[in-house]
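The values are calculated or read from the model by the stated rules, or taken from the named source; none is laboratory data. Keep in mind that what you see is a predicted model, and the values were worked out from it rather than measured. Here the Cβ is made from the backbone with ideal geometry for all residues, glycine too, and neighbour counts use every protein chain on show. Calculation scope for accessible area: heavy atoms of the full protein, side chains included, ligands and nucleic acids excluded. Shrake-Rupley method; radii C 1.70, N 1.55, O 1.52, S 1.80 Å.
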Amino acid sequence: MTARSRNATTLRHVLTQWANEVELPDATTDAMALAAYEAMINVVTHAYPAQAEGPLELSAELRGNAVDVTVSDQGRWQQPAADPGPLHGRGLPLIHALSERAEIAPTPEGTTVRMRWPVPTTPTRLRMDVAQTH
């Protein structure tokens, strides 16, 4: 999908629906949806120059007793500002606080955020890939 805020909102709803279908615990679903949304909004806000469009990709997969969520783009990593102001600068700390593990991997080809949450039971549907969802 194109990196736009309305698409990030749509993908958040798709991720939440998938989490509900595979019967993830509510607390895991809520944390996962919020952290993924923060990562997607970072793509919308920071990955591409003003007026430029680029892809926003989201995937989620159950691996054993954990669910992995990945958000990626093909933009350029922007170092967070030293003093981002009162309305910015909370996304990455929030992602780290909400997930068991979060890794941010910037490269010249784009940035990938990988997040993980433990899952106490084995849900039935194992993978969701919404990069092609419209």
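The table that follows gives values for the structure above.
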quantity	calculated
Accessible area (Å², 1.4 Å probe, nearest 10) - His96	90 Å²
Gly75 long-range amide H proximity, modeled H, under 5 Å	Thr111
Modelled FRET efficiency - R0 22 Å, Arg4 with Leu34, Cβ distances, 0.05 increments	0.70
R0 of 35 Å, Cβ-Cβ distance Asp26-Glu109: FRET efficiency to nearest 0.05	0.45
Accessible area of Glu23 in the full protein assembly, 1.4 Å probe (Å², nearest 10)	140 Å²
Protein-only accessible surface order, largest first, of Arg76, Arg101 at 1.4 Å	Arg76, Arg101
Region 1-54 - Rg over Rh from alpha carbon coordinates, Kirkwood radius	1.07
Surface accessible to a 1.4 Å probe, Glu53 within the full protein complex, Å²	120 Å²
For region 26-39, Karplus couplings with θ = phi - 60° (6.51, -1.76, 1.60), whole Hz, Gly/Pro x	4, 4, 5, 4, 5, 5, 5, 5, 5, 5, 5, 4, 4, 5
